[in-house]
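Scroll down for the structure; my scribbles are underneath it.
The values are calculated or read from the model by the stated rules, or taken from the named source; none is laboratory data. This is a predicted model, so every value here is computed, not measured. FYI the Cβ positions are ideal-geometry reconstructions off the backbone, even for glycines, and counts take in every protein chain you see. Quick note on the areas: whole protein, heavy atoms, side chains included, nothing else; ligands and nucleic acids left out. Shrake-Rupley method; radii C 1.70, N 1.55, O 1.52, S 1.80 Å.
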Amino acid sequence: IESLSPGGSERTALLDAAMNEWQQDENDGAPDSVSSSIFVDAGNQMRHARTDSFVSVDENMSAAALRTSEFEEPREEGKEEDLSEHLLSIDNDMDVITSSTPSSNSDDESKPSPAFSFSRVTCEIKVWTRGKQSRKVILRGITGIAGGGRLGFSPSMRGDAFEDKETNAFAILGPSGAGKSTLLDILAGRRAEHRKNFTIGGDIRINGVETTSTARREMSGYVTQDDVLPGTSTVWEHLLFHATLRMPSGTSTNALRRRVGQTMRDLGIEKLADSLIGDQFSRGLSGGEKRRVSIATELLMSPGIMFLDEPTTGLDSTNAAKVVDILSKLGSRHGVTVLLSIHQPRPDIFRLLDRILILSSVGSVVYSGPSISAKGFFESLAYVPPRPRDVHVADFILDVVIKSSREKTSRACRDFAVSDIFMLNERTIEMLVIEASSDETEENCDDDDDDEEQGNRRKVRGKSTRSLAKKRSAPMKVQIQQLLARLCKNATRHPFLITTHFIATLFSAIALGAIFFQCGRDTGGVQNRMGCCFFILLFLTLMSLSSLPVWREDDLLSRREILTGAYGVDGYFVSQVAFDVIVVRAIPPLFFSLATYFCVGLHLNFLSFVNFTFVCVLTNIAASALCTCVSIATPSNASANVVGMLLLLVNVVCGGFLLNEEQPRAKAADSSGDRHILVKLLTRLSFVNHGFQSMMIGEFLDAGTFYFTPKLVESDPSKKSSSSSSSGGDVRVPVSGKEVLDFFSFGSTRSEMRAHVFALASLACAYLAIAYFLLKFRVRC
């Protein structure tokens with residue numbers, strides 16, 4: 001047995017203690033690997049002693065051959081594998097990665113785990129029933145403590161709650177609707193205290209120091225219940241994306257790749273490096289694999305505290321046990337304090353939990369303390385039925401909480417509030433606060449006569465503080481580059497939307513050129529020119545509706561990544577707008593300029609051609625920006641489609657083609673014929689109106705002579721002669737382009753054309769600014 005555990009005195013002692021229990025199941029020959037879990041029942045208390053298997057690995061073995069699984073883990077020859085060896089720290093030059101390997105001989109030299117304590121946490125929410133406002137209490141005075149087993153406190157201060165071999169895994173248990181996720185959100189700083197509907201109270205501290213919700217978000221990692229991942233990215237691309245954005249700026253590419261590779265091997269997902277994550281359009285990873293990818297995303301930054309909202313939900317028992325085993329290794333080996341909510345842990349999962357918090361159905365504390373003491377506490381309650389021998393303690397506890405009457409549950413909560421375990425929690429939290437206050441006082445006093453023990457304690461606490469460094473954000477330039485690169489990969493792997501845009505626009509441009517081919521200069525030609533230009537603007541306006549689902553589909557992913565600190569709202573907004581404007585809104589309208597403009601025979605003037613092109617592009621951008629505002633402001637795709645279509649139709653009606661500038665008049669209009677104020681306002685705010693008027697000025701101004709006719713002039717000479725003989729000749733009134741513009745109440749100067757282009761650009765910028773502030777507000781909420 002000792003040969004299977006080289007270089008570890010603590011491990012040898014554990015194996016010796018478990019010898020009698022384990023040897024009866026061992027074969028005569030030495031096994032190739034030892035099970036990753038040995039469970040010892042010492043004094044009728046459940047304890048977990050992990051013995052990891054190791055395999056001798058050739059130094060020349062490729063990285064792809066190093067695989068980890070639930071029962072077999074690779075080991076370097078003569079050296080024990082440790083998860084903390086792979087959570088690497090970056091040297092000052094950011095080019096060399098060095099492992100932070102704890103010594104196997106002393107726990108004091110290992111990375112300290114933060115002590116996360118919370119006291120009397122409460123939560124109330126305002127609800128409205130039949131028009132009357134009332135308050136619903138979700139959490140009632142929740143107290144607990146997690147982690148802190150390696151902070152350098154004295155043994156008397158640690159008590160039974162802080163053992164050297166603890167996993168630092170803290171689990172929140174309870175029936176559905178007990179407030180587990182709400183409590184976890186509050187502890188992680190995800191439930192904002194300033195929300196009007198919520199009233200949150202309590203004291204939450206890290207290493208005895210009171211923290212705000214913003215500080216806790218910056219110091220911890222959070223894995224949500226549902227795995228929100230980019231489906232079109234591979235696992236390697238996704239992790240490298242987060243490493244590039246969240247690791248210190250200046251880190252070399254090789255360092256980033258090594259960090260990602262080591263983290264993937266730690267979590268056993270290196271085989272999935274080139275696999276697409278998958279979404280509703282393409283098959284990808286399984287539920288357990290996605291959950292490990294989500295954990296790896298947060299683990300890249302080596303957070304001191306990790307929160308996980310029901311990480312085993314939706315997984316089979318094997319994958320659930322594998323995920324919790326990975327989390328327990330983070331606590332026992334790397335000093336990460338893990339807090340998770342879980343529904344019904346099976347026995348092998350329960351033994352991996354260091355401390356548990358059990359909530360009643362009304363949000364009260366039934367038990368909060370070491371998992372090994374839970375069995376004794378519940379068996380000490382006289383009104384609780386005895387536990388059957390074939391029922392595990394975790395199932396027994398939850399059955400008591402769920403099946404007991406409300407009176408018995410309330411009595412259990414009161415009994416726990418006067419128990420020794422509760423008193424120990426209170427004393428431990430108080431000692432954490434005193435310890436933090438004394439450290440702060442010693443630092444301010446600058447005393448040179450500190451003894452060695454106090455210096456070592458401050459050194460350990462300093463390490464803990466550094467391990468909780470705030471999350472870093474990459475520079476804006478890097479954020480935009482990485483987001484644009486991901487958008488381009490998404491477009492190439494799901495090209496349907498962009499391809500549809502290009503094909504539909506090209507087909508429409510060619511069709512318009514053929515339908516309105518070489519318009520004349522008579523009344524019909526004037527009408528065709530106006531109709532062709534207006535249809536182009538109408539087509540570009542309606543095609544912008546494709547912006548509605550794009551922002552909504554990425555909304556959940558972007559909000560999660562912004563909250564984790566991968567990038568900011570500014571970088572996300574700029575990258576999305578830049579990609580949408582350049583690829584989807586600027587290039588397709590050029591088909592109308594290159595094909596339709598010359599086929600129809602519009603004004604062959606360079607300034608008019610440039611104006612036509614700019615108006616097409618700006619109209620498309622303005623419509624897309626308006627749809628972006630609607631997409632961000634509305635709660636669902638259905639409502640976004642209705643509101644977006646309504647706003648676009650209002651712009652089209654007031655666009656200058658369907659509604660003449662002189663009509664309609666107000667019902668109570670005086671002799672001056674002033675227009676109705678509302679119609680006038682809508683016309684001025686219509687981007688279609690500004691684009692159409694600018695096009696008309698560029699088309700007719702200085703474009704030569706046009707002819708107004710009472711009927712269409714026949715182009716066929718034979719029909720023209722017969723018609724002329726019967727009617728006595730065609731009536732043709734020659735007019736200039738300026739007169740055509742005046743007749744239809746359009747502007748008639750170059751300055752007015754430029755003013756309409758400026759107004760169109762201003763509306764587009766205004767819509768984008770509104771969308772930006774709406775996005776900022778939405779993310780904050």
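See the values below:
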{"read-out": "Answer residue from the range 255-268, given it is farther than 12 Å from residue 238 by Cβ and free of Cβ contacts under 8 Å to residues at least 60 places away in the same chain and is surrounded by the most Cβ atoms within 10 Å (Cβ to Cβ) among those", "value": "256"}
{"read-out": "Check on residue 521, basic (Lys, Arg), assigned to a loop (DSSP other than H, G, I, E, B) and more than 14 Å from residue 576 (Cα to Cα)", "value": "yes"}
{"read-out": "Yes/no for residue 246 being farther than 27 Å from residue 475 by Cβ, within 20 Å of the chain's Cα centre (by Cα) and of a type in the set (Lys, Arg)", "value": "no"}
{"read-out": "Residue within the range 199-219 that is assigned to a helix (DSSP H, G or I), open to solvent by 20 Å² or more (accessible area, probe 1.4 Å), more than 28 Å from residue 481 (Cα to Cα) and not charged (D, E, K, R) present", "value": "no"}
{"read-out": "Filter result for residue 314 (within 30 Å of residue 170 (Cβ to Cβ) and open to solvent by less than 10 Å² (accessible area, probe 1.4 Å))", "value": "no"}
{"read-out": "Residues (in contact with a Ser or Thr (Cβ under 7 Å, 6 or more places away or on another chain) and open to solvent by less than 30 Å² (accessible area, probe 1.4 Å)) located in the range 736-755", "value": "741, 753"}
{"read-out": "Criterion: buried (at least 21 other Cβ atoms within 10 Å of the Cβ), out of contact with any Lys or Arg (no Cβ under 6 Å at 6 or more places or on another chain) and of a type outside the set (S, T, N, Q) - qualifying residue of 271, 329", "value": "329"}
{"read-out": "Hits in the range 350-376 - residues which are open to solvent by 10 Å² or more (accessible area, probe 1.4 Å), of a type in the set (Val, Ile, Thr) and not in a loop (DSSP other than H, G, I, E, B)", "value": "365, 372"}
{"read-out": "Every residue from the range 622-655 that is of a type in the set (Ser, Thr, Tyr) and part of a helix (DSSP H, G or I)", "value": "624, 628, 631, 639"}
{"read-out": "Members of the range 373-401 found to be β-branched (Val, Ile, Thr) and over 18 Å from residue 349 (Cβ atoms), listed by number", "value": "384, 400"}
{"read-out": "Residue, modelled with the highest pLDDT, within the range 351-382, restricted to residues that are more than 25 Å from residue 139 (Cβ to Cβ) and touching a Ser or Thr at 6+ places or on another chain (Cβ under 9 Å)", "value": "380"}
{"read-out": "Pick from the range 231-254, criterion open to solvent by 20 Å² or more (accessible area, probe 1.4 Å) and among the hydrophobic types (A, V, I, L, M, F, W, C), ranking: farthest from residue 273 (Cα to Cα)", "value": "240"}
{"read-out": "Meets criteria (in a helix (DSSP H, G or I), modelled with pLDDT of 85 or more and in contact with a Pro (Cβ under 8 Å, 6 or more places away or on another chain)) for residue 412", "value": "no"}
{"read-out": "Any chance residue 177 is at pLDDT 65 or above, more than 16 Å from residue 432 (Cβ to Cβ) and out of contact with any strand residue (DSSP E or B) (no Cβ under 8 Å at 6 or more places or on another chain)", "value": "yes"}
{"read-out": "Flag if residue 777 is assigned to a helix (DSSP H, G or I), open to solvent by 60 Å² or more (accessible area, probe 1.4 Å), modelled with pLDDT under 90 and aromatic (Phe, Trp, Tyr)", "value": "yes"}
{"read-out": "In the range 223-273, residue modelled with the lowest pLDDT [restricted to those that are aliphatic (A, V, I, L, M) and not in a helix (DSSP H, G or I)]", "value": "267"}
{"read-out": "From 288, 304, residue being among the small types (Gly, Ala, Ser), in contact with a Leu (Cβ under 8 Å, 6 or more places away or on another chain), open to solvent by less than 40 Å² (accessible area, probe 1.4 Å) and without any contact (Cβ under 8 Å) to a residue 40 or more places away in the chain", "value": "288"}
